[in-house]
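The values are calculated or read from the model by the stated rules, or taken from the named source; none is laboratory data. These numbers come from a predicted model, not from an experiment. All Cβ positions, even for glycine, are placed from backbone atoms using ideal geometry, and neighbour counts span all protein chains on display.
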Amino acid sequence: MLTDKIVLLTGAGGLLGQAVAAMMEREGATLALIDLHREKLDRVRSTLRCQDHRAFECDVSDCDRFQSLLESIVSEIGCPDVLVNCHGVIASKLLVDMELSEWRRVFEANVFGTLVTSRAVARLWIERGREGVIVNLSSMSVRSPRAGASHYGASKAAVENMTQTWAAELGRNGIRVNAVAPGLIMDEVITEADAASDGYVADTLQATPLGRTGSASDVAEAIVFLASDRAAWLSGTVVDVTGGAHCGRTHMRIASAPDAR
């Protein structure tokens with residue numbers, strides 16, 4: 001699906017990033033792997049078969065540094081065809097316990113970092129008359145808020161709004177912009193029977209119709225599809241990859257009272 005495509009992948013060393021990298025390679029893409037941590041980049045590169053991929057250490061919220069890096073990527077690999085914004089910060093803190101610095105940290109990474117990369121790559125494509133694809137990372141927290149995630153959920157709501165706004169702005173240039181919104185993704189898939197010892201996981205599974213947590217590959221498959229020409233008429237779309245957990249109060253019993261809400 002991505003043969004001869006160059007993919008710029010941020011957050012490449014994370015759980016989702018590594019899965020996306022493996023599937024992008026499987027589909028024939030050449031990768032520019034970006035992460036804040038060199039050791040994570042080295043680890044993900046060691047799992048890939050092709051030697052043509054390149055790894056770059058960068059804080060994507062640093063506008064000047066990312067712009068310089070993008071110029072290096074174009075020079076060394078070529079102009080990217082796809083940008084996947086897989087970087088981000090996951091955080092949990094109740095409002096009354098939260099420091100403003102914690103809110104800013106989440107928004108700096110999840111919102112500003114996505115703005116920096118997307119703006120730079122979109123400008124590059126427009127200057128060169130190139131079409132392209134941007135895939136952003138949202139979260140189930142946008143549609144199913146949880147206690148302790150007001151900063152995280154709000155940052156992902158901003159990402160979804162940016163995704164749809166940029167789709168409207170950039171479509172005339174042949175640039176598609178979509179997002180995926182994962183549910184609970186863990187190192188190992190957990191089913192309801194395994195979750196008794198973890199209250200948060202157990203609660204999430206109770207509200208997940210498909211009865212398990214997600215795997216990184218579940219999300220990566222959706223990202224690869226959106227990046228490919230098979231999604232050529234999809235733009236401004238947010239794909240929920242949650243096992244149905246975003247659908248609402250699926251774990252509740254049917255109300256017996258006729259006026260129950």
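When you look at Val133, is it under 21 Å from Asp59 (Cβ atoms), crowded, with 19+ Cβ neighbours inside 10 Å and of a type in the set (A, V, I, L, M, F, W, C), yes or no? For Val133, the condition - under 21 Å from Asp59 (Cβ atoms), crowded, with 19+ Cβ neighbours inside 10 Å and of a type in the set (A, V, I, L, M, F, W, C) - is not met. Within region 78-107, can you find the residues that are crowded, with 18+ Cβ neighbours inside 10 Å and of a type outside the set (A, V, I, L, M, F, W, C)? Matches in region 78-107: Pro80, Asp81, Asn85, His87, Gly88. Filtering region 27-57 to residues that are over 20 Å from Asn110 (Cα atoms), of a type in the set (Asp, Glu) and without any contact (Cβ under 8 Å) to a residue 60 or more places away in the chain leaves Glu39, Asp42, Asp52. Residues considered: Gly153, Gly174. Of these, the only one that is in contact with a helix residue (DSSP H, G or I) (Cβ under 6 Å, 6 or more places away or on another chain), of a type outside the set (Phe, Trp, Tyr) and within 24 Å of Thr114 (Cα to Cα) is Gly153. Which one is farthest from Ser92 (Cα to Cα) among residues in region 136-148 that are crowded, with 21+ Cβ neighbours inside 10 Å and aliphatic (A, V, I, L, M)? Selected residue: Leu137.
Looking only at residues in region 141-185 that are assigned to a loop (DSSP other than H, G, I, E, B) and touching a strand residue (DSSP E or B) at 6+ places or on another chain (Cβ under 8 Å), the one that is modelled with the highest pLDDT is Gly174. Going residue by residue through region 217-227, is there one that turns out to be over 13 Å from the mean Cα position of the chain (by Cα) and assigned to a loop (DSSP other than H, G, I, E, B)? Taking every residue of region 217-227 in turn, none turns out to be over 13 Å from the mean Cα position of the chain (by Cα) and assigned to a loop (DSSP other than H, G, I, E, B).
Quick check, is Arg119 surrounded by fewer than 17 Cβ atoms within 10 Å (Cβ to Cβ), within 18 Å of the chain's Cα centre (by Cα) and not hydrophobic (A, V, I, L, M, F, W, C)?
Details: surrounded by fewer than 17 Cβ atoms within 10 Å (Cβ to Cβ): yes; within 18 Å of the chain's Cα centre (by Cα): yes; not hydrophobic (A, V, I, L, M, F, W, C): yes.
So Arg119 passes the test.
Candidates are the residues of region 32-77 that are charged (D, E, K, R) and in a strand (DSSP E or B); the one that is surrounded by the most Cβ atoms within 10 Å (Cβ to Cβ) is Asp35. Evaluation of Leu205 against the conditions (1) aliphatic (A, V, I, L, M); (2) in a helix (DSSP H, G or I); (3) surrounded by 19 or more Cβ atoms within 10 Å (Cβ to Cβ); (4) at pLDDT 95 or above shows that the sole unmet condition is (4). Since Val133 meets every condition but one in (1) more than 26 Å from Gly244 (Cβ to Cβ); (2) in a helix (DSSP H, G or I); (3) within 17 Å of the chain's Cα centre (by Cα), which condition does it not meet? For Val133, the exception is condition (2).
Restricting attention to region 100-109, which residues are touching a residue at least 12 places away in the same chain (Cβ under 8 Å) and farther than 26 Å from Ala220 by Cα?
Hits for region 100-109 are Glu102, Trp103.
Right, Ser118: over 15 Å from Ala12 (Cα atoms), in a helix (DSSP H, G or I) and in contact (Cβ under 8 Å) with a residue 40 or more places away in the chain or not? Yes; evaluated as a whole, the condition is true for this residue.
Contact map, region 81-99: first residue closer than 16 Å to Ser61 by Cβ and free of Cβ contacts under 8 Å to residues at least 12 places away in the same chain, second residue assigned to a loop (DSSP other than H, G, I, E, B) and among the aromatic types (Phe, Trp, Tyr), Cβ cut-off under 7 Å, separation 6 or more or different chains; the map is empty.
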